[in-house]
Amino acid sequence: MKETMQFQAESKQLLSLMINSIYTNKEIFLRELISNASDAIDKYRYLSISSQGKTPTKEHFIRIELNKDKRYIKICDNGIGMSKEDLINNLGTIAKSGSKDFLEKFKKAKDEQDLNIIGQFGVGFYSAFMVANKIEVISKTIDEDKAHKFTSDGVETYTIEDVEKDDCGTDVIVYLKKSTKEEEYDQFLNEYTIENLVRKYSDYIRYPIKMMVKKSVQDVDENNKPIEGKYHDVIEDKVLNSMTPIWKKNKKDVSQEELDEFYKNKFSDFEKPLINLFVSVEGMLDYKSLIFIPSHAPYNLYSENYEKGLMLYAKGIFIKDKCPELVPDYLKFIRGLVDSDDFNLNISREMLQSSPIMTKIANNIEKKIIEKLKEVKENDFETYRKFFDIYGEHIKYGIYSSYGGKKDLLQDLLIFHSLKHQDNMISLKQYKNEMKKEQKFIYFASGETLDQILLLPQMEKYRKDEVDVLLLDKKIDEFAIMMLMNYDKVEFKSISSDDTESLSEEQKTELDSLTATHKRLLDNLKEGLKDSVDEVVLSSKLVDAPVCISTKEGLSLSMEKTLNEQPGVEKDQQIKSSKVLEINPNHELFKALATIDDDQAKKYASILYDEALMLEGFDIKDKKDFITKLNELLVKSFNK
């Protein structure tokens, strides 16, 4: 019985966009279909090995057939096959988990480069509709007697029907469109073209890709000697690919172009990776690995559904699509594979988690990745800068989430904007090398944007003294710095924290004397602010600004805000930093404050506090009270 079904609305939109708008390189459809066939065989082989003889072993292959009369190209595999439900779920519902995101991103795409987002949505099968006016998929699983056929022209509907098929596996039959002046579809019926495309995109596929190929052979006489000028055609079953997995080859024999093509093919990305790493380890550990860092973050990297992990092979046989045990959380954006002869082919998830070999390989891969990143940072800073712009927060998370345990491993990967390097970024090592001789700390300032940080009133002193300050504009920055505590024995210090340690004895004596003289005023201001601040002091760090807020005990205003904005934090659970209102004793405002009475000091203290908050880039809670008191002061000033 034939059933006709509708594509989902989003799937129809997506399919239309793919066919008409997205792909410019139409030849990649063959790569996608061969890759799918290889994956199906991988799954069958794993099932065969892990079933303890219940699923028979067999010789695996992928076959390509060309039919010029009926104008189709057929790609066949004898892999695991698909059930009726699989056909509906895998082919009838396109990219079901990502189609909404894709459509939104596609609408925002401004140029062809933006359209590379297609590679993130696992919709490669439908690239065949670029060249096809109809596609048939005939598939049978090992558990079923009947096969099922999916048929669609890629417009509104598809059909599913029961058919006969001798062996399990899948046949994809692509009926080509007619050639036009703009597009030459007939080329895909040419044996030479197909051979070249297989070598270009799928040479590493480790199953033989076979095709019946016409070959011209020279005639021979009765003595088996070649007859000059006489030839005849023979048909031979030719294997088109080398079948050596790229990771099994010697590193020196693999070109950058081959690695890029392998990555794009294997991980359905239309952009080449930003960084790749070819690992071959022999000895106590014995494994091969290919690691790739995508040139863009996966579209769902920050979603709850994102699955980290590397593809796992044992003795060249596919075991698991994503093995999370091989990837630490802070490197979850990496893609790649690991193949080891030391893995048990029947390894279970529980065994993976407890395997000492797995742990050693995971630790070794982590170190290899960090070594590679440090190498790129030293030798190709432009590429590293791109990496850090995309994934830098993950490196910081690695430091923070390990409570500083990965400090030595990761600290030299950190780069920051700074007061002296606003357009570029510098490492902690460079900052330390450029420190003044008398400088005791690595100074930093935090805020929501670089512009906001540069406007902090405390920054004036460091500009004047020509002392560099790291600019931390990401929420995780301070938390990572807090876990580092120091770099090469030099402690970090926020410019918003108490900094009397940097004063000379003479400066301390002068400040103490001035504080004693104005103790009554400072006490009145503190009383007026009640619990808003813990102290009101005269500042040693302000130059032109009248006031600022500093904090104690390492919890800055930015950290306080970030922690209290976390989901699930109730109002009564919010953390409060220890705040200090600092007043510039050299500012005209302070001189004016010294002339007012006690009650006025208490009443108008909140204006100073609110002004300090605004200078720090924070919003004030009671704008009405601020405006009312400010207007009162203006009226009094005008009436004098």
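A few remarks follow.
- Close pairs from the range 555-571: first modelled with pLDDT of 75 or more, partner open to solvent by 70 Å² or more (accessible area, probe 1.4 Å), Cβ under 6 Å, at least 6 apart: L563/I575
- Exactly one residue out of A601, A545 is over 44 Å from the mean Cα position of the chain (by Cα) and either in contact (Cβ under 8 Å) with a residue 40 or more places away in the chain or not in a strand (DSSP E or B) (or both), and it is A601.
- The residues in the range 191-217 that are open to solvent by 70 Å² or more (accessible area, probe 1.4 Å) and not in a helix (DSSP H, G or I) can be counted, and the count is 4.
- Options D544, D619, D598: the member that is in contact with a helix residue (DSSP H, G or I) (Cβ under 7 Å, 6 or more places away or on another chain) and either closer than 20 Å to L455 by Cα or of a type in the set (V, I, T) (or both): D544
- Cβ pairs under 6 Å, 6+ apart, first in the range 323-341 and more than 14 Å from I369 (Cβ to Cβ), second open to solvent by less than 10 Å² (accessible area, probe 1.4 Å) and among the hydroxyl-bearing types (S, T, Y): D339/Y313; S340/Y287
- Qualifying residue in the range 268-281 (condition: touching a residue at least 12 places away in the same chain (Cβ under 8 Å) and on the phi > 0 side of the Ramachandran plot): yes
- Subset of the range 21-35 (residues that are open to solvent by 60 Å² or more (accessible area, probe 1.4 Å) and at pLDDT 65 or above): N25
- Criterion applied to L471, L456, L410 was being assigned to a loop (DSSP other than H, G, I, E, B), crowded, with 20+ Cβ neighbours inside 10 Å and among the hydrophobic types (A, V, I, L, M, F, W, C), and the one residue passing it is L456.
- Reported count of residues in the range 434-453, each being assigned to a helix (DSSP H, G or I), of a type outside the set (V, I, T) and open to solvent by less than 40 Å² (accessible area, probe 1.4 Å), is 1.
- Taking strands (runs of 3 or more DSSP E) as the structural unit, those lying wholly within the range 288-341 and holding at least 1 residues that are among the aromatic types (F, W, Y) and buried (at least 17 other Cβ atoms within 10 Å of the Cβ) correspond to 310-314, 317-323.
- Residue list for the range 575-598, filter: part of a loop (DSSP other than H, G, I, E, B), open to solvent by less than 90 Å² (accessible area, probe 1.4 Å) and not aliphatic (A, V, I, L, M): S577, N584, P585, H587, D597
The values are calculated or read from the model by the stated rules, or taken from the named source; none is laboratory data. Since the model is a prediction, treat every value here as computed from it, not as a measurement. All Cβ positions, glycine included, derive from the backbone under ideal geometry; neighbour counts span all protein chains shown. Keep in mind that these areas ignore ligands, DNA and RNA; they rest on the heavy atoms of the full protein, side chains included. Shrake-Rupley method; radii C 1.70, N 1.55, O 1.52, S 1.80 Å.
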